[in-house]
There are 2 protein chains.
Amino acid sequence: MIFMTKADKTPWNGCPVRYAAGVFGDKWSFVLLRDVLLHGKRYYGEFLASDEGISTNILASRLAHFVETGMLTRHVDSTARNKVFYRPTDKSRALLPALLGMMVWSTEFDPCSAAPPSFAPAFRSDPKGTIAWYEAEIDKVDKGLPAAEA
Amino acid sequence: MIFMTKADKTPWNGCPVRYAAGVFGDKWSFVLLRDVLLHGKRYYGEFLASDEGISTNILASRLAHFVETGMLTRHVDSTARNKVFYRPTDKSRALLPALLGMMVWSTEFDPCSAAPPSFAPAFRSDPKGTIAWYEAEIDKVDKGLPAAEA
DNA sequence: CAATTCACTTGCAAATAACAAGTGATATAC
DNA sequence: GTATATCACTTGTTATTTGCAAGTGAATTG
């Protein structure tokens, strides 16, 4: 479990910010959420292949943590049983608004931002519509996955 | 600098999620942002006193990182020159929407959440108004601070 | 002017991350 | 049907980061 110190015997005793920090408060969780929610990645091998170069042990531990915390569910690919994929749950999908909000912030303050200039204005003028668009993309990806199997 | 690995020579080359992870993608940054933006804390001693029990070296390094990345400015208290306070900048204040979004998410999914039940509905029905309320609280706190001095 | 407060710094032990090299299960090629 | 390759991890080792305790020097208080 991320986030437990001496002064913090009870895991996070109700503070929402600390709860969030416990679930995804580290850099690799950020990029995994991006890959799942924004880039349509589902397979272990896809996560491993992303530009940041996460190492296999860290990837495995973060995926396990996300499964434990109900952010992802793990499935064996029924058409290729040596492959494994992870699906976002309602809980992780519900982070989309916050994640998009962070991205708007980054595009505003990162001088090197490579986000399309239309993104921040679009989100600001119609946040619900923008979120709905990403939700629909997630649905499309998940429709293309093999039948779920624990 | 947070977030540099072998495969990541150029700091974050444009990805907004990675930029965000580099600036505040660790658990202590989350709670410091909470303390500054939501709890009106400004002084080194106030941050140190928060429930989580951050240690002095980590606090110093995180504050320095926030100053480097333009999230906070450091000031010597002109009425007590052995005390130091940190003010949020426009950049950190601009994170309020994302931070509040995370908190809404936490209150929805943390079974132990101690957030007032009115918070999430209030934010959902009037996000701009809720954000404006927190902005105003920040302004109030900053008005009470001694004259800025580098 | 002695004791205290304050914002850090330093040193060290423990935890975590990064990297490299397996391992066992499944899948593909012949 | 067997050899090879692919896949999702584990394991082991080293490097980096964290956490804790104990300073340190400047400024303040008594």
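When segment A:45-85 is filtered for residues that are more than 25 Å from A:MET102 (Cβ to Cβ), more than 9 Å from DNA strand C (Cβ to nearest atom) and touching a helix residue (DSSP H, G or I) at 6+ places or on another chain (Cβ under 7 Å), the ones remaining, listed by number, are A:ARG74, A:VAL84. Considering segment A:98-141, the residues that are acidic (Asp, Glu) and outside any helix (DSSP H, G or I) include one that is nearest to the other protein chains (Cβ to nearest Cβ), namely A:ASP110.
All of B:SER125, B:SER78, B:SER92, B:SER106 fail the test of being among the small types (Gly, Ala, Ser) and under 30 Å from A:GLU68 (Cβ atoms), apart from B:SER106. When A:ASN82 is tested against the conditions (1) more than 16 Å from DNA strand D (Cβ to nearest atom); (2) loosely packed, with under 12 Cβ neighbours inside 10 Å, the lone failure is (1). On inspection, A:ALA7 does not qualify as closer than 20 Å to B:LEU33 by Cβ, of a type outside the set (Asp, Glu) and modelled with pLDDT of 95 or more.
Of everything in segment A:97-131 that is closer than 20 Å to A:PHE30 by Cβ and among the charged types (D, E, K, R), the residue that is most open to solvent (accessible area, probe 1.4 Å) is A:GLU108. Candidates are the residues of segment A:23-57 that are more than 9 Å from chain B (Cβ to nearest Cβ) and open to solvent by 50 Å² or more (accessible area, probe 1.4 Å); the one that is nearest to A:LYS91 (Cα to Cα) is A:HIS39.
For segment A:67-79, a residue qualifies if it is of a type in the set (D, E, K, R), under 16 Å from A:GLY45 (Cα atoms) and more than 7 Å from DNA strand D (Cβ to nearest atom), and exactly one does: A:ASP77. Taking the criterion of being within 13 Å of another protein chain (Cβ to nearest Cβ) and buried (at least 16 other Cβ atoms within 10 Å of the Cβ), the residues of segment B:67-79 that qualify are B:THR69, B:MET71.
The values are calculated or read from the model by the stated rules, or taken from the named source; none is laboratory data. Bear in mind that the values here come from a model prediction, so they are computed numbers and not experimental data. So basically every Cβ, Gly included, is an ideal-geometry build from the backbone, and we count neighbours across all protein chains shown. Protein only, heavy atoms only, side chains kept; ligands, DNA and RNA dropped before computing areas. Shrake-Rupley method; radii C 1.70, N 1.55, O 1.52, S 1.80 Å.
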